[in-house]
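K.L.:
Before anything else, here's the structure in question.
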Amino acid sequence: MKRTLLFFSSLLFSFSAHAALNVFACEPEWAALAQELAGDKAAIYAATGALQDPHHVEARPSLIARARRADLVVCTGAELEAAWLPVVLRESGNHKVLPGGDGYFEAAQFVAMLEAPARLDRGEGDVHAMGNPHIQTDPRNFLPVAAALARRLIRLDPGNAALYRQRLADFDRKWRAAIAAWETRAAPLKGVSIVVQHKAFPYLEAWLGLKQVAALEPKPGMEPSVTHLSQVLAALQQRPARMVLHAAYQNRKPSGWIAERSHIAVVELPFSVGGSSKAQNLYGLFDDTIERLLAGLK
Amino acid sequence: MFKRTSLSVAIAALLSHSFNASAASDADLQAIREQIQQLKQSYEQRISQLEQRLWAAESSAQQTGTVAARAQPAGVAPASPAGGDNAFNPAIALILGGTYGSVRQDPAIPATGFAMNPNMGHEQGFNLGESELGISANIDAHYRGTATLALDPAGGVSVENAYVQTSALGNGLNLKFGRYFSGLGYLNEQHAHAWDFVDPPLVYATLWENQLAEDGLQVKWLAPTDTFIELGAELGRGRGFPGSDRAKNGAGSGVLFAHAGDDIGIEHSWRLGASLHRTRAADRVSDAVPDLPGTVGGVSNSFSGDSQTAGLDFVWKYAPNGNVRNNYAKLQGEYFRRKETGALTYDIAGANIADTFSVMQSGWYLQGVYQFMPQWRTGLRYDRLDPGAAQVGALNAGNVIADYAFQPARTSLMLDYSASEFSRLRLQLSRDNSRQNLSDNQLFVQYIMSLGAHSAHSY
């Protein structure tokens, strides 16, 4: 009897017993960043995977259960999770992680947002008032987010402050070196014209100097129609592009359609950690992104 | 802070000035107070904005240095919320809906054996469905308020939901009070615009008058486990069917429910539920009830007694790679069984004979919805009801039909298209065998559009 009780109580509290902080990351890139900064001081749960469209996630019972015991929720923000996170947080009955509290962290607040719409209208598709939320495609954005996240970890778990500072300093140094290496490697991509399936890459474009000439979705979030694809095809005859980009979670068909007819390369990007076999951590994510883009030039 | 000091000096100066002016009337004083208040508010806003900017600048400059500095295009400051009277406006969402219905049989005829239950029927021809106006916002740090007003096409507004939810209890506790959809079953909490079919399952239409909305309070507790385990209890007025509105102290109905759910891998997720509902009906009158003597147009009966309902529900969802954008499948089913025991008065306008009455009604549905390509879904639903065999007291044994020996059933097929997540067009065909010897082919076309705030969806 005693043993059974022990077993059940260990089941109940296993999550919290081994680690100081329970972190609920909305997207895998923030789970990976939290891992870099907290190491074994946090138990990290990634609510979504790189093969899931982050706009279309359901408030599944498992997410509510995981949010229940979270000490910190780390999300992109900028309304990316508007369709599911509010329900998850409300239903979790966990006041520590409600927006506005120390347990709620939005990465988008710490980076300069691109494509903030001048006109907020659903007629323009799935636009976000604060700007394009796909900030994780520019590695430079991870620096301010990491600094802010480390500060938040210190506030929640001051006992390990020295460790978080040390890990932040390590990450910062290694990440800067990695960015410099990626930039050198990606030099041939500067000024290259691209087509994107969803407007998911403005930060990547800004970083590497890629030039987006068209998007396959007629409006953000709308499925590409044949009519619109034909228009894009006609436009590409005037202004040719070298490749068409889509994220790993997206339907491959529209990119394939346009690539076949305009004779350009299709490049599937991992988009987040776990989006390809090589993108198993943050470094792998950008290694693989650059390699795939370079392969698209050939 | 320098700004704060100068602000207080300014306020002090203003105050002393106004006090010295002995001729100032009360109205003037009031106006000055208001001005000071406004001044103070606007200064506080600007100070907090400045603090935010300073903090953001510190974090990016000090911690990130050169590379990040290149990442920040000039002139971008963190978004600051707009001020003014409308700064605290709640989220407003409007649902527009309408249907075209074509049925062959008179929709006023109830399902066989369920003449003493509500008959929700169907609208024929073109008709505006209920438009729904939802307003919600945090009230303060402790409460969140939600109101859903249904705008009836014939005019008038009814309160579908109007409740307050706590947000600060923690420990997995959620308290809700006001008028809300009861947490029993799976479909009961979903608003009509989130249904996968034009109409609710027969078991919801007959046993819950489409949906059970309670005036009362609900408490839910979520267990601190990785598996989702939720327990809930409700005490309510018992105003809707199967209860009857009452004027008395205390609670008129009670609900208990439990939910469990989890994921299996990244592609599957599920939820199971069980619920119990208890209420008391007092003089619940039903008209046009068929009887054994075969009275033309039926008779009016009245029931008073206890009503107990138990239910089981499940939902299972599957999406390749867990990505619901492209394809997904959903299978759900629910079963309810109700036992009513009390006294039935037969033909209250005529014979008026009262005796004991008890019956066990039940019903279930099973439905599958499949999104076979982005934007397009199809679904199939099978419905079944069992009116049960009633135990009728001796005085009414020759009056009240005890056993109908017929189980109503219906099969529905639907196809819907969503140009975006804010619009949906639907076609539904139903083969209705809910009324004995009156099988019906039904066709519905429906639109559901949502405007305004992007309300998050529940599972």
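Computed from the coordinates by the stated procedures, all read-outs in this text should not be read as laboratory data. Because the structure is a prediction, the values reported are computed rather than measured. Ideal geometry is used to build each Cβ from the backbone, glycine not excepted, and the neighbour counts take in all protein chains shown.
K.L.:
With +1 on the Cβ of every Lys and Arg and -1 on the Cβ of every Asp and Glu, and nothing else charged, how large is the dipole of segment A:187-297 about its Cα centre, in debye rounded to the nearest 20?
P.N.:
Details: 11 positive and 8 negative charges, 53 e Å.
Dipole size: approximately 260 debye.
K.L.:
When a/c is below 1.5 the answer is rounded, else prolate if a/b is larger than b/c, else oblate, so apply that to segment A:11-179 with a ≥ b ≥ c taken from the square roots of the Cα gyration tensor eigenvalues.
P.N.:
Details: a/c = 1.99, a/b = 1.18, b/c = 1.68.
Cα axes put segment A:11-179 in the oblate bin.
K.L.:
Averaged over its residues, how many other protein chain Cβ atoms are within 10 Å of peptide A:51-58's Cβ atoms? Spell out each step's value before the answer.
P.N.:
Details: counts 7, 7, 7, 2, 2, 8, 4, 11.
Per-residue shielding by partner chains comes out at 6.
K.L.:
Next up: Quickly estimate the mean residue ellipticity at 222 nm for the protein assembly as shown, helices only: each DSSP H run with n ≥ 4 gives -39500 (n - 2.57), and the total goes over all residues, rounded to 500. Display every interim value, and only then the final one.
P.N.:
Working: 13 runs with 201 residues, N = 757.
One gets -8500 deg cm²/dmol as the mean residue ellipticity at 222 nm.
K.L.:
What percent of all Cα-Cα pairs in segment A:187-297 falls in each 10 Å bin, counting up from 0?
P.N.:
15, 50, 30, 5
K.L.:
Debye sum, Cα scatterers, segment B:93-452, no solvent: what log₁₀ I/I(0) at q = 0.07, 0.14 1/Å?
P.N.:
Here log10 of I(q) over I(0) equals -0.33, -1.34.
K.L.:
Rounding to the nearest 20 debye, state how big the charge dipole of the protein assembly as shown is about its Cα centre with +1 on each Lys and Arg Cβ and -1 on each Asp and Glu Cβ.
P.N.:
Values: 67 positive and 72 negative charges, 452 e Å.
So the magnitude is around 2180 debye.
K.L.:
What is the average number of partner chain Cβ atoms found within 10 Å of a Cβ in A:133-145?
P.N.:
Details: counts 0, 0, 0, 0, 0, 1, 2, 7, 3, 3, 9, 9, 3.
Mean number of neighbouring Cβ atoms from other chains: 3.
K.L.:
How would you rank B:TRP376, B:TRP221, A:TRP30, A:TRP207, going from fewest to most other Cβ atoms within 10 Å of each one's own Cβ?
P.N.:
Numbers: B:TRP376 14, B:TRP221 17, A:TRP30 28, A:TRP207 22.
The most exposed by this proxy come first: B:TRP376, B:TRP221, A:TRP207, A:TRP30.
K.L.:
Between B:ARG431 and B:LEU173, how many nm apart are label points set 7 Å from Cα along the C-beta direction?
P.N.:
Distance between label points: 5.3 nm.
K.L.:
Next question, about the same structure. Projecting each Cα onto the charge dipole of segment A:187-297 (Lys/Arg +1, Asp/Glu -1 at the beta carbon, about the Cα centre), which of A:PRO202, A:ALA234, A:LEU245 comes out farthest on the positive side?
P.N.:
The listed residue farthest towards the positive side: A:ALA234.
K.L.:
Do the alpha carbons of any pairs in A:LYS253/A:LYS298; B:LYS220/B:LYS330; A:LYS219/B:LYS176; A:LYS253/A:LYS278; A:LYS41/A:LYS174 sit beyond 31 Å of each other, and which pairs? Can you show the working numbers first?
P.N.:
On the way: A:LYS253/A:LYS298 22 Å; B:LYS220/B:LYS330 26 Å; A:LYS219/B:LYS176 39 Å; A:LYS253/A:LYS278 23 Å; A:LYS41/A:LYS174 20 Å.
Over 31 Å apart, Cα to Cα: A:LYS219/B:LYS176.
K.L.:
Can I ask one more? Using the number of other C-beta atoms within 10 angstrom as an exposure proxy, rank A:ARG176, B:ARG377, A:ARG155, A:ARG119 with the fewest first. Before the final figure, lay out each step's value.
P.N.:
On the way: A:ARG176 18, B:ARG377 22, A:ARG155 13, A:ARG119 7.
Ranking A:ARG176, B:ARG377, A:ARG155, A:ARG119 by Cβ neighbours within 10 Å, fewest first, gives A:ARG119, A:ARG155, A:ARG176, B:ARG377.
K.L.:
Return the equivalent ellipsoid semi-axes of the protein assembly as shown as a descending list in whole Å, where each equals the square root of 5 times an eigenvalue of the C-alpha gyration tensor. Don't jump to the answer; show the numbers that get you there.
P.N.:
Details: eigenvalues 552, 233, 141 Å².
Ellipsoid half-lengths, sorted descending, are 53, 34, 27 Å.
K.L.:
Taking +1 at the Cβ of each Lys and Arg and -1 at the Cβ of each Asp and Glu, which of A:PRO139, A:ALA43, A:GLY125 sits farthest along the dipole of segment A:11-179 towards its positive end, judged by Cα position relative to the Cα centre?
P.N.:
A:ALA43
K.L.:
With charges set only on the Cβ (+1 for Lys and Arg, -1 for Asp and Glu), what does the dipole of segment A:11-179 come to about its Cα centre, in debye to the nearest 20? Can you show the working numbers first?
P.N.:
Numbers: 18 positive and 20 negative charges, 138 e Å.
Dipole size: approximately 660 debye.
K.L.:
By counting other Cβ atoms within 10 Å of each Cβ, how are A:HIS95, B:HIS259, A:HIS246, B:HIS268 ranked from fewest to most? Show your work: numbers first, answer last.
P.N.:
Numbers: A:HIS95 18, B:HIS259 22, A:HIS246 25, B:HIS268 14.
Ranking A:HIS95, B:HIS259, A:HIS246, B:HIS268 by Cβ neighbours within 10 Å, fewest first, gives B:HIS268, A:HIS95, B:HIS259, A:HIS246.
K.L.:
Then there is this: So for each of B:144-152, A:104-112 I average, over its residues, the number of other beta carbons within 10 Å; can you give me the resulting order with the highest mean first? Present the calculation step by step, with values, prior to reporting the outcome.
P.N.:
Values: B:144-152: 17.7, A:104-112: 24.0.
Result, highest mean Cβ count within 10 Å first: A:104-112, B:144-152.
K.L.:
Per residue of B:211-224, count partner chain C-beta atoms within 10 Å of its C-beta, then hand back the mean as an integer. Intermediate values should be presented prior to the final figure.
P.N.:
Working: counts 0, 0, 0, 0, 0, 0, 0, 0, 0, 2, 1, 10, 4, 9.
Average per residue, whole number: 2.
K.L.:
Oh, and also: 7 Å from Cα along Cα→Cβ at both B:ILE266 and A:THR184: what's the point-to-point distance in nm?
P.N.:
3.3 nm
K.L.:
Order these peptides, B:109-117, B:396-404, A:286-294, by their mean beta-carbon neighbour count within 10 angstrom, highest first.
P.N.:
Working: B:109-117: 22.4, B:396-404: 17.0, A:286-294: 20.1.
With the highest mean Cβ count within 10 Å placed first, the list reads B:109-117, A:286-294, B:396-404.
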